[in-house]
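Take a look at the structure below.
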Amino acid sequence: MANVKILEQKQAVIDEIAEKVKSAATVVFFEYRGLSVSEMTELRRGLRETGSDVKVYKNTLAKRALDSMNYDMNGELNGPKAMAYGSDAIAPIKTLANFAKNHPALEIKIGIVDGEIADQAMLGKLAATPSREQLLTMFAAGMLEHVKNVAICLDLHAQNLEEQN
């Protein structure tokens, strides 16, 4: 029989994983085998800049935590995996995808985005989504275009009224 103290420690880790998954908008599991320590440090730094973080847990403990939350990862948690998580839904995905472009050893496997399981294809689509700042800029530009068009129309109308008088 396993030692009670060890079981309590494992349960604490399972609870920690479950809490991180619950509180994060996005959780991404990726393979990091083949990355050097300096590359992992670079990845951690990049994730922290976006308000995200990365942690390596034992797969069995991660599976137990995810099973307790009714997430079925379809056997994706085999082999060494790390977990990136953050409060922004897109930032961890974009950071990992950009890092993977220059470091082919990093391979994004599966994730949980806003409580839903996301496969590699979905994570790829989300990584291609513009950032929040870019979307806000695009929205503002679209709004300014309408204001500009109204101003031009009013100016042309005022010129027509002046010509008629």
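The values are calculated or read from the model by the stated rules, or taken from the named source; none is laboratory data. What you are looking at is a predicted structure, and each value in this text was computed from that prediction instead of being measured. Methodologically, a virtual Cβ is constructed for each residue, glycine included, from the backbone with ideal geometry; neighbour enumeration extends over all protein chains shown. The accessibility values were calculated without ligands, DNA or RNA, using every heavy atom of the protein model including side chains. Shrake-Rupley method; radii C 1.70, N 1.55, O 1.52, S 1.80 Å.
Just a yes or no: is a residue in the range 106-124 within 16 Å of Leu43 (Cα to Cα) and open to solvent by 70 Å² or more (accessible area, probe 1.4 Å)? Yes - at least one qualifying residue is present in the range 106-124. Of the residues making up the range 101-121, just one is in a helix (DSSP H, G or I) and in contact (Cβ under 8 Å) with a residue 12 or more places away in the chain, namely Gln120. With respect to the conditions (1) under 12 Å from the mean Cα position of the chain (by Cα); (2) at pLDDT 90 or above; (3) within 14 Å of Gly46 (Cα to Cα), Phe99 falls short on a single one, namely (1).
Contact annotation: residue pairs with Cβ atoms under 7 Å, 6 or more positions apart or on different chains, pairing a residue in the range 20-49 that is farther than 17 Å from Ile93 by Cβ with a partner that is hydrophobic (A, V, I, L, M, F, W, C) and surrounded by 13 or more Cβ atoms within 10 Å (Cβ to Cβ), are Leu35/Leu106. Yes or no: Asp155 closer than 30 Å to Ser23 by Cβ and open to solvent by 70 Å² or more (accessible area, probe 1.4 Å)? So Asp155 fails the test. Just one residue in the set Asp72, Asp88 is in a loop (DSSP other than H, G, I, E, B), among the acidic types (Asp, Glu) and surrounded by 11 or more Cβ atoms within 10 Å (Cβ to Cβ); that residue is Asp88. Filtering the range 23-59 to residues that are surrounded by fewer than 12 Cβ atoms within 10 Å (Cβ to Cβ) and either in a helix (DSSP H, G or I) or touching an Asp or Glu at 6+ places or on another chain (Cβ under 7 Å) (or both) leaves Ser23, Val37, Ser38, Thr41, Arg45, Glu49, Gly51. One residue stands out among those in the range 19-43 that are within 17 Å of the chain's Cα centre (by Cα) and among the aliphatic types (A, V, I, L, M): the one that is nearest to Tyr85 (Cα to Cα), which is Val27. Selection of first residues in the range 56-79 that are under 19 Å from Gln9 (Cβ atoms) and of second residues that are surrounded by 17 or more Cβ atoms within 10 Å (Cβ to Cβ) and charged (D, E, K, R), restricted to Cβ pairs under 8 Å at least 6 apart or on distinct chains, gives the following pairs, ordered by first then second residue: Val56/Lys81; Asn59/Lys81; Ala62/Lys81.
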